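This report refers to the structure that appears directly beneath it.
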Amino acid sequence: MNSFETIIYEKTPGIAYITLNRPQQLNAVNLQMRDDLWEAITAFRDDPEVRVAIFRGAGERAFSAGADITEFGTAPSQAIARQVRWERDLWGLLLGIDKPLIAALHGYALGAGIELAMCCDIRIAAENTRIGLPEVALGMIPTAGGSQTLTRLVRRGAALEIILTGDRITAQEAYRIGLVHRVVALDQLVPTAEEMARKIMAQGDPALHYAKRAIKQGLDMSIEEGLRLEKLLAAYLWTTEACAEGIKARRKRSK
Ligand code: COA
């Protein structure tokens, strides 16, 4: 299933694959790709047949080399305004999704590329992945959420170093600072992402969604507010059939 110019959207039972597909441009994120991603992510969010999304990059060289720099400074003001709108909404859309999101990274994962991955819940990196946020060198700052998401994933000092130096870090270094969850051989990248997706899907909805929401929203709250949110979500889950079934199944197993 695919009707997009810049991405490939595929569905298998349970898993949706969203592939950035401009390999000649190292999957640089242009305006069209933002539009396409918006459509695909909305479709994924609203489709009960798919429970986890895996993002990946087409071609051998990159997950994505970031925002399309050929569109910088050339667009008429209307288009720039539109670009800003898409940037804000796309990353907000991704961050607001309750379903689990996995990014499978290889090659270059720069700028908006790694920022997209930082909106996901799990990042698996092939050994050849090179990660960086080069915006400051271009007279910009990260605008796909990176200045906020990176500091929520790694310690502040590491985030500052990556953004202020613009250095590209290796997959191993990204693993060491906690930016990626696993580093694997390139040929194991998608299988590892799929294994992770299957493990997550073995858990039930809506508990999965509420657990994600409690963690992500709670991070931006005081501990008191976070505990209130947790209580509220748990109180609702107690009333669900899925919870009753889950407890029944567990009791049966432990007999
Ligand atoms: N936007 C648009 N096109 C890009 C791109 C980007 N962010 N990154 C790479 N490309 C294009 C190149 O222009 C080139 O196109 P061409 O073959 O038509 O000339 C093609 O992808 C291959 O890239 P190239 O630069 O030739 O490969 P390389 O191995 O020499 O270098 C990079 C790879 C990633 C180091 C280099 O392409 C780069 O620095 N890209 C820009 C990264 C960036 O600043 N991104 C963040 C923007 S905020």
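Checking LYS216 against (1) open to solvent by less than 40 Å² (accessible area, probe 1.4 Å); (2) closer than 25 Å to ALA104 by Cβ; (3) not assigned by TED's automatic domain parsing to the domain that holds GLU127, which single condition isn't satisfied?
(1) is the only condition that LYS216 fails.
Restricting attention to region 189-197, does a residue exist that is open to solvent by 30 Å² or more (accessible area, probe 1.4 Å) and outside any helix (DSSP H, G or I)? Quick ask: steps written out before the conclusion?
At the first step, the residues of region 189-197 found to be open to solvent by 30 Å² or more (accessible area, probe 1.4 Å) are 190-191, 194-195.
Filter once more, so that each one left must be outside any helix (DSSP H, G or I): none.
No: region 189-197 contains no residue that is open to solvent by 30 Å² or more (accessible area, probe 1.4 Å) and outside any helix (DSSP H, G or I).
Does VAL136 qualify as being of a type in the set (Val, Ile, Thr), under 29 Å from LEU110 (Cβ atoms), under 19 Å from the mean Cα position of the chain (by Cα) and assigned to a helix (DSSP H, G or I)?
Against the criterion (of a type in the set (Val, Ile, Thr), under 29 Å from LEU110 (Cβ atoms), under 19 Å from the mean Cα position of the chain (by Cα) and assigned to a helix (DSSP H, G or I)), VAL136 does not qualify.
Could you tell me whether region 175-187 includes any residue that is of a type in the set (Asp, Glu) and in the same structural domain as ILE15 (by TED's automatic domain parsing)? I'd like the intermediate steps shown before the answer.
At the first step, the residues of region 175-187 found to be of a type in the set (Asp, Glu) are 187.
Retained after the next criterion (residues that are in the same structural domain as ILE15 (by TED's automatic domain parsing)): 187.
The answer is yes, given that some residue of region 175-187 is of a type in the set (Asp, Glu) and in the same structural domain as ILE15 (by TED's automatic domain parsing).
Please identify the pairs in which a residue from region 115-139 that is closer than 7 Å to ALA171 by Cα has its Cβ atom under 8 Å from the Cβ atom of a residue that is within 8 Å of the ligand (Cβ to nearest atom) and among the hydrophobic types (A, V, I, L, M, F, W, C), counting only partners at least 6 apart or on another chain.
That search, which allows pairs on different chains as well, returns ARG130/LEU110.
The values are calculated or read from the model by the stated rules, or taken from the named source; none is laboratory data. Small disclaimer: the values here were computed from a predicted structure and weren't measured. So basically every Cβ, Gly included, is an ideal-geometry build from the backbone, and we count neighbours across all protein chains shown. Only protein heavy atoms, including side chains, enter the accessible area calculation; ligands, DNA and RNA are left aside. Shrake-Rupley method; radii C 1.70, N 1.55, O 1.52, S 1.80 Å.
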